[in-house]
Amino acid sequence: MTDFDSETGLCKGCAHVREVVSARGAVFFMCKHPERPKYPPLPVMSCDAHVPREEARVVVPYERLSADALRGVIDEFVSREGTEHGLEDVAIEDKRASIVRQLKKGLAVVLFDRTAGTANIVLARDLPS
Ligand code: SF4
């Protein structure tokens, strides 16, 4: 996969970019790198600070996280929209247990973003091959 996008150049595929959507639906690409302009003129054809998005993400074995850290990542995941369990009201403990089972089976993984300093749970099948 190429990092280059005809509209933004290197920015769209960069780990430092955040897509900002205005109230009118316009999409802006904001650079979060501390030494770069927040809104560089696009397309950015060359940038020493560019980090391909996929290179910034690493799978962290869930066993390496402390119990508190793992619980924080799991709680953040289960509280997000789109992880609902249909119309049933599922207890948070059951949701946590379900995620732990998926982590143990390798169906889900903890993905750490080195540039953002955040961890997330994703389905293993959604990882780039
Ligand atoms: S670091 Fe460079 S390539 Fe990455 S978002 Fe900022 S300006 Fe774009």
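The values are calculated or read from the model by the stated rules, or taken from the named source; none is laboratory data. The structure presented is a predicted model; accordingly, all values stated were derived computationally and were not measured. Counting neighbours? That spans all protein chains shown, and the Cβs are built from the backbone with ideal geometry, glycine included.
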Quick one: is residue 22 more than 25 Å from residue 112 (Cα to Cα), touching a residue at least 24 places away in the same chain (Cβ under 8 Å) and more than 8 Å from the ligand (Cβ to nearest atom)? no
Search result, residues across the range 24-55 that are loosely packed, with under 11 Cβ neighbours inside 10 Å, at pLDDT 90 or above and under 18 Å from residue 5 (Cα atoms): 41, 45, 46, 48
Residue 122 surrounded by fewer than 17 Cβ atoms within 10 Å (Cβ to Cβ), within 18 Å of the chain's Cα centre (by Cα) and closer than 14 Å to residue 77 by Cα: yes
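Go through the range 1-120 and tell me which strands (runs of 3 or more DSSP E), entirely inside it, have 3 or more residues that are at positive phi.
none
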Filter result (farther than 21 Å from residue 50 by Cα and either in contact with a strand residue (DSSP E or B) (Cβ under 9 Å, 6 or more places away or on another chain) or not assigned by TED's automatic domain parsing to the domain that holds residue 75 (or both)) within the range 102-124: 102, 103, 107, 108, 109, 110, 120, 121, 122, 123, 124
Restricting to the range 1-19, give me the number of residues that are near the ligand (Cβ under 9 Å from one of its atoms) and closer than 18 Å to residue 116 by Cβ. 10
Given the conditions (1) of a type in the set (A, V, I, L, M); (2) under 20 Å from the mean Cα position of the chain (by Cα); (3) closer than 30 Å to residue 11 by Cβ, report the number of the one that residue 74 does not fulfil. (3)
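One line per residue, one yes/no per condition, for (1) closer than 24 Å to residue 126 by Cβ; (2) of a type in the set (Val, Ile, Thr); (3) in contact with a helix residue (DSSP H, G or I) (Cβ under 6 Å, 6 or more places away or on another chain):
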position	(1), (2), (3)
35	no, no, no
40	no, no, no
55	yes, no, no
58	yes, yes, no
80	yes, no, no
98	yes, no, no
Residue list for the range 8-23, restricted to those being modelled with pLDDT under 90 and either buried (at least 18 other Cβ atoms within 10 Å of the Cβ) or aromatic (Phe, Trp, Tyr) (or both): 15
Could you check, for the range 56-64, whether at least one of its residues is under 26 Å from residue 4 (Cβ atoms), surrounded by 15 or more Cβ atoms within 10 Å (Cβ to Cβ) and in contact with a Gly (Cβ under 6 Å, 6 or more places away or on another chain)? no
